[in-house]
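The values are calculated or read from the model by the stated rules, or taken from the named source; none is laboratory data. This is a predicted model, so every value here is computed, not measured. Here Cβ is always computed from backbone atoms with ideal geometry, including for glycine, and neighbour counts include all displayed protein chains.
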Amino acid sequence: MSRKRRPSRKKRIKPHFWVFCEGETEEAYVHYLRSKYRLPIEIVAKVSGSKIDKGYIARYKKGKPTHEKDRDFLIYDADVEKILKRLNKIDSATLLTSNPSIELWFLLHYKNQTTKITEYTCIQELCNRNKNRYKKGIIDKKLKEKLESKQVKAIERAKKLTEFENPSSNMYIFIEVLEQVKKQQIKSEHINKNIISIT
């Protein structure tokens with residue numbers, strides 16, 4: 001059983017995000033998001049889609065401080081139907097998928113992609129557009145700049161695609177949650193500063 005985190009008096013507790021993923025590229029991307037939003041995100045990487053289930057998540061979190069506001073996320077490719085069915089059964093977590101791979105989500109920051117595409121083609125397009133060699137597991141400077149400047153556009157494009165089909169990505173769900181929590185945090189800090197200045 002996990003330990004419950006308790007907020008100190010008059011302090012709002014920040015939800016903790018537990019992110020389970022298989023690949024090193026997903027891990028690198030979540031590291032980038034954690035750095036960008038400065039929110040408590042714990043990354044549990046290299047967990048095969050055939051191994052992850054509610055029991056695995058519970059065992060991992062056992063003995064670790066948790067809170068009822070915490071949220072679990074699964075980031076996996078949606079190109080293997082058998083794995084997708086298994087992941088969809090984990091109703092305690094929000095499933096974030098990209099089909100054929102997370103590189104499709106990256107590509108949506110550059111262009112609208114509405115026709116079926118392979119992972120290889122996604123990678124080739126990223127190489128061509130950045131004029132460098134894309135490497136799995138690395139968010140380089142050029143890619144990071146595009147992820148930052150075109151995030152809103154990528155979300156718009158992704159929302160027009162059919163979830164789980166090729167091409168598709170619902171990674172924007174995680175981004176929107178992080179954005180919402182960050183805004184609440186900034187608002188709360190602003191209110192606290194005003195209270196302190198009044199007293």
Just one listed residue, out of Asn132, Asn112, is free of Cβ contacts under 8 Å to residues at least 40 places away in the same chain, part of a loop (DSSP other than H, G, I, E, B) and farther than 26 Å from Phe17 by Cβ, and it is Asn132
From the list Leu84, Leu126, pick out the single residue that is in a helix (DSSP H, G or I), under 30 Å from Lys69 (Cα atoms) and of a type in the set (A, V, I, L, M). Leu84
Let me spell it out: the conditions are (1) within 12 Å of Cys21 (Cα to Cα); (2) exposed (fewer than 15 other Cβ atoms within 10 Å of the Cβ), and Lys62 meets all of them except one. Which number is the exception? (1)
Pair list, Cβ < 8 Å and 6+ apart or interchain, from segment 164-180 residues that are closer than 14 Å to Trp105 by Cβ and without any contact (Cβ under 8 Å) to a residue 12 or more places away in the chain to residues that are assigned to a loop (DSSP other than H, G, I, E, B) and not hydroxyl-bearing (Ser, Thr, Tyr): none
Which residue out of Pro100, Pro167 is farther than 30 Å from Arg59 by Cα, surrounded by 19 or more Cβ atoms within 10 Å (Cβ to Cβ) and either among the small types (Gly, Ala, Ser) or modelled with pLDDT of 95 or more (or both)? Pro167
Go over the candidates Lys69, Lys10, Lys14 one by one and state the one that is closer than 23 Å to Glu148 by Cβ and modelled with pLDDT under 95. Lys14
